[in-house]
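Inspection log for the structure reproduced underneath, given as C-alpha cells.
Derivation of every value follows stated rules applied to the coordinates shown; laboratory data play no part. As the structure is a computational prediction, the values presented were derived from the model and not from experiment. Neighbour counts are summed over all protein chains in view; Cβ atoms, including those assigned to glycine, are modelled from backbone coordinates with ideal geometry.
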Amino acid sequence: MSSRKDIELIPARSPWRDAWLKLGKNRLAMFGLGFFATMVVLCYACPLFYPHSPTSQTLSLGATPPLSMGIELRYDAESEEADEVITVKEFADVYASNAEEEALRIRNGEVIDVDGLIFSKSSRIHILGTDGHGRDLLARIFQGGRISLGVGFIATFVSLLIGVFYGAVSGYLGGKTDAIMMRLVDVLYALPFLIFVILLMVVFEGSDHQLFLIFLAIGAVEWLTMARIVRGQVVNLKNQDFVEAARATGVRTFTIILRHLAPNILGPVIVYSTLLVPAVMLLESTLSFLGLGVQPPNASWGTLIKEGAEKMMVYPWLLFVPATFFSLTLFAMNFLGDGLRDALDVKSSKD
Amino acid sequence: MLRFILIRLGQAIPILLAIYTITFFMVRAAPGGPFSQERKVAPHILEQQMEYYGFKDPLPVQFFRTLWQHITFEFPPLTSYPGLTSKDIIVDTFPVSLELGLLAMIVALAIGLPIGILAAAKKNSILDYAPMSLAMVGICLPTFVIGPLLALVFGVWLGWLNISGWFSFSDRILPASTLGLFYAAYIARLTRGGMLETLNMDYIRSARAKGAPEFKVVIVHALRGGIMPVVSFFGPALAGLISGSFVVETIFQVPGLGRHFIQAALSRDHSLILSTVLFYAALIIVANMIVDIVQILLNPKLRYQ
C-alpha cells in the first residue's frame, strides 16, 4: 500500500485480460467463437424446444426438400385429425387435377376438396427438409452435432491429459529419459494412425462402449503434438530462476510441475487444444464416413454426410446441409484457434 | 550419410516388429473370424478351412509362423481371396494407389506452391488475402465433402467426367483433385510461412542490393529456404495421403490398396490386414528417411549434426 492516500491505485491488467482484449479485436476469431458457441447451445439445447424428434419417422414425408410444405389429407370433411400427411409431389402426382394452381392455393391456406378428399396445409414445417425416412433433417443435424462435438471435446481432453503429462515429464526430467521419450514420439508420429484407429474400431465393433472407444482411440492418437509443444515449453522454463528457487527450497518435483510450470504452459496448450477439436471432429467423421465410426441409430455429422453422399444425385440437400454445418463449424474453430494464437502470442508450431 | 541411412534402417526393425505384434493381437482380439459368414457353413468344411489356414495351431506357433512368412516374403493364401496371397493383392492394387497419390501430390504442388509464393511476395495485398482465405476453405472442407461435391457437379450435373471407375485418364481427374485439394491448401500456407521467413533474411537484402531482379530473388534465392517447411511436411503428408486414399478410393470406387485394406478389416482377413499394415508402415518409414535426406541436402546446417 502506498503511504500517500491521494494516489489512485490502478489494478494491473493481467496477461490473460490483455489476450482477451486482443482477441476481441479480431473479428474473424470472434465470429468463430460466436458461431461455435451458438452451435454448441443449439445442439445440446434443441431437444428442449425443437418440435421434431430426430428419430420419429414419417415415411410418407420421406426426402422432402428444405422449406417444402406437407399437405394434410382427410378422407372426409368431418375427421378432426389428418389421416395422412403427404408431400406436394405426391399430391401433384396422385391426387391433383391442376397441380400447380391447387398446390399454390393450399400453400396460401385454403382447404381444397378434390373428389371428396380434403387437402389442407400441414402445420408441420421441416426447415431443412427430411431424410429418406422422413426424419427431420435439422433435428438429425442437432443430434449428430451432439456426438461430433462431444467426440471433439472428450477426445481433445484425453489427448490433453496424456500429452501434457508426457511432455511435462519428458521436458522436466531431461537428459537420457527425455531423449528416449521424445524419440518414441518421433517414431509414433511416423505411423499411419488412422490404420490403428480403424483396427481398434474393428476390434470393438458392436460393443456397447463403441462410442466411448472412439473418444479414447482418437484421444490416444492425437496427443503427440501436444506432448512436443509442452516439452518445448518446459525445457525453456525449467532453468529459470523461480523454478530454481522452488527446487532449492525442496519442493517436490511433482509439485513444481503442477504449480510452477503448468500455469506458464497454459497459453500454447489452449491454442493447440482449440485447433485439436476440429482435427478430432474431422477424424471421427472420416471414420463414420467409412462406416467404421458411429453406428445407426446414432448419427454424427460424418454419418449424415455419408448418407447424403449416397443419395446426392436425387436429394442433393441431404449432402449440402450437413456438409455446410460441418464445414462452418470447422471454419469457426480454426479461426478461433488462429485468433487465440495471435492473442496469446504463441509462436506457431507448424506454419 | 551411409551411416545415417544404416542407423535409420536399424531403428526400423524394432518398429516394424512392434507394429507386427500389436496388429497380430489386435486382429485376433476382434470379434468374428474370417469364416463367420452370414450363411452357415457345414461344420466339416469349417473344420477343413481352419485346418488349411492354420488357425488350429497354438497362438505362439501362429505368431512366429506368420512373422517368418513376412520376413521371407512367402505369404500364405488369403481367406477372403482363396488362391491369392497378400503379395498378389498388394502388387496388383498398390500401383493404383501410388498413381492416385502421385497425381494428387502434383495437383497439390501445382496449386499450392504458386499461390503460397505469390501470397508471400505480395504480402498483405489482395493477392495474399484472397488465395489464403480460399486455402482456409480448402483445409476445412474434408475429403469426404469435396469428393461427393466434385462428383455431383462435374459428374452428375455437368456430365463431363465419370463418377466412378479407373479406366481412362479422365477417370483420374476427380479422385486426384479430391485428394490433392486439401494438400494444396496446406502447402500454400506452409509455403507462404516459409517464404515470409526467408524473405526477411539478410542475404535476400544483399541479393536485392546487388540488383538481382525481384523475380529472381523470390524464385531462386528465397525459394530454396522457403520451401523447407513443405519438404518436412512430406513425411506426415504421406501418412495423410494413405488415410485419404481410404476415403477417396471408397467414394470413387478406385481399385486401390486403400479400399482393399478397409475390406480386409471388415472381412477379418487376418493375413491381408497384417501384410497391408506392415507394408504401409515400411512405406512411411522409408518415405520419412528420404524426407530427412532431402532436408539434409537442402540445408547445409543439418549436415553436421
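Can you list the residues, at least 5 places off or on another chain, whose amide H is less than 5 Å from the amide H of B:Leu84, using H built in the peptide plane?
B:Leu78
If you take the beta carbon distance between B:Met50 and B:Leu9 as r and set R0 to 35 Å, what does 1/(1 + (r/R0)^6) give as a FRET efficiency, to the nearest 0.05?
0.40
Name the residues whose placed amide hydrogens come within less than 5 Å of the amide hydrogen of A:Val114, ignoring near sequence neighbours (fewer than 5 apart) on the same chain.
Sorted by chain and number, the residues that satisfy this are A:Phe119.
Between A:Arg17 and A:His133, take the C-beta separation as r, use R0 = 41 Å, and let me know the FRET efficiency to the nearest 0.05.
After rounding, the FRET efficiency stands at 0.20.
For chain B, set up a Gaussian network in which alpha carbons nearer than 10 Å are linked by springs, and say which option among B:Thr250, B:Thr72, B:Thr191 fluctuates the most.
Maximum among the listed residues: B:Thr72.
Normalising by the residue count of chain B, find the relative contact order in percent from Cα pairs under 8 Å and 6+ residues apart.
Once divided by the residue count of chain B, the mean separation gives 24 percent.
How much length would be gained if the chain were fully extended between B:Asn124 and B:Leu84, taking 0.36 nm per residue of separation minus their Cα-Cα distance, in nm to one decimal?
Stretched fully, the B:Asn124-B:Leu84 segment lengthens by 8.6 nm.
Using the Cα gyration tensor of chain B, with a ≥ b ≥ c the square roots of its eigenvalues, what is the shape: rounded (a/c below 1.5), prolate (a/b larger than b/c) or oblate (neither)?
Oblate.
Which whole-Hz ³J(HN,Hα) couplings does region B:10-22 yield from phi under the Karplus relation 6.51 cos²θ - 1.76 cosθ + 1.60, θ = phi - 60°, glycine and proline marked x?
My calculation for region B:10-22 gives x, 5, 5, 4, x, 5, 5, 4, 5, 4, 4, 4, 4 Hz in order.
Taking a ≥ b ≥ c as the square roots of the Cα gyration tensor eigenvalues, with a/c under 1.5 meaning rounded and otherwise prolate when a/b beats b/c, else oblate, which class fits region B:88-225?
Because a/c hits 1.5 or more and a/b exceeds b/c, region B:88-225 counts as prolate.
Quick check: from the Cα gyration tensor, does region B:1-120 come out rounded (a/c under 1.5), prolate or oblate?
prolate
Could you work out, residue by residue across B:145-154, how many beta carbons of other chains sit within 10 Å of that residue's beta carbon, and then give the average as an integer?
Shielding by partners across B:145-154 averages 5.
Take each of the peptides B:61-69, B:237-245, average the number of other beta-carbon atoms within 10 Å over its residues, and list them starting from the highest.
Final packing ranking: B:237-245, B:61-69.
Take every Cα-Cα pair in region B:182-287 and report what % of them are more than 19 Å apart.
60
Take peptide B:134-143, look around each residue's Cβ out to 10 angstrom, count Cβ atoms belonging to other protein chains, and average those counts.
Partner Cβ neighbours, averaged per residue: 5.
Here are some pairs, A:Lys22/B:Lys122; A:Lys311/B:Lys87; B:Lys56/B:Lys87; A:Lys25/A:Lys311; A:Lys306/B:Lys122; A:Lys22/A:Lys176; which of them have Cα atoms lying more than 31 Å apart in this structure?
Over 31 Å Cα-Cα: A:Lys311/B:Lys87; A:Lys25/A:Lys311; A:Lys306/B:Lys122; A:Lys22/A:Lys176.
Among B:Gln253, B:Tyr183, B:Val27, which residue has its Cα furthest toward the positive end of the charge dipole of chain B, with +1 on Lys/Arg Cβ and -1 on Asp/Glu Cβ?
The listed residue farthest towards the positive side: B:Tyr183.
Net charge within 13 Å of A:Glu222 by Cβ-Cβ distance, Lys/Arg positive one each and Asp/Glu negative one each, not counting A:Glu222 itself?
Value of the local net charge: 0.
FRET efficiency for B:Lys210 and B:Phe169, Cβ-Cβ distance as r, R0 = 41 Å, nearest 0.05?
0.35
What ranking, highest mean first, results for peptides A:19-29, B:131-141 when packing means the other Cβ atoms within 10 Å averaged over each residue?
B:131-141, A:19-29
Evaluate the distance, in nm, between pseudo-label points positioned 7 Å from the Cα of A:Thr253 and of B:Ala282 along their respective Cα→Cβ axes.
The two pseudo-label positions are separated by 4.0 nm.
Any number yet on Rg/Rh for region B:145-196, C-alpha, Kirkwood?
Answer for region B:145-196: 1.15.
Only loop residues by DSSP count here, and only those with at most 15 other Cβ atoms within 10 Å; note down the chymotrypsin sites (Phe, Trp or Tyr not before Pro) in region B:159-243 that meet that.
B:Trp160, B:Phe167, B:Phe169
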